[in-house]
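Step one of this worksheet: look at the structure below.
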Amino acid sequence: MQQQSKSKFGTTAIAVCVLVALLTSCAAPPPAPVPATVAPTATVAVPTVAPTATAIPTLVVAPTEDITEKQYIVGVQGVLALYTEATSALVPLFTQAAEDPQLFLDDTWKTQVGGMLGFMKVGAGITSELIPPPKYSAHHAELLIAAIHISLAADLYAKGIDELDPGAVQAGAAELNKGTDALLRSDAIWKALH
């Protein structure tokens, strides 16, 4: 019986990366230097497309006494914080990899990226569990669209890294851009409500 290889960024690994990142206050160590005496073991083709450094919107919140609104707002703020943390870290990580493709083989770099992909997946999961008050239904619909794209982006980035597949990394960047566009649409809806 042939044993299938498992992705280094499976669900358990992502959960562990998120837990480690949370326990260390999201501080990731710098990538370990590669000694000059070590010859590269593989040539890695890296796409020039990195995640776009687009700012994730934040909620401008008016005071409310409605507990359902408060719960929803706190949930959305948490999701946006996860997305912001992830994208803020991924842009420089992929920029480094574009300059030094051997990072795609570096376990420290892959762990840092994996942690941020975990943040993206957790944020998408939380979004799907939020229950919006009726007045926020259009806003939430855009958040759900963003979550779908962001979750798919995380999966594609992980696949691209695991399989050294530049096409998957480029597809991940495209999905992340679609997710960011949906977040910006949700922000416009939010602002129109407030």
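The values are calculated or read from the model by the stated rules, or taken from the named source; none is laboratory data. Just so it is clear, the model here is predicted, and its values are computed rather than measured. Neighbour counts are summed over all protein chains in view; Cβ atoms, including those assigned to glycine, are modelled from backbone coordinates with ideal geometry.
The table below gives the values:
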{"quantity": "Members of region 102-154 found to be at pLDDT below 95 and among the charged types (D, E, K, R), listed by number", "calculated": "Lys135"}
{"quantity": "From Leu130, Leu144, residue being touching a Gly at 6+ places or on another chain (Cβ under 6 Å) and at negative phi", "calculated": "Leu130"}
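Okay, residues lined up against (1) touching a helix residue (DSSP H, G or I) at 6+ places or on another chain (Cβ under 6 Å); (2) basic (Lys, Arg):
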site	(1), (2)
His140	no, no
Gly160	yes, no
Glu163	no, no
Pro166	no, no
Gly172	yes, no
Glu175	yes, no
Lys178	yes, yes
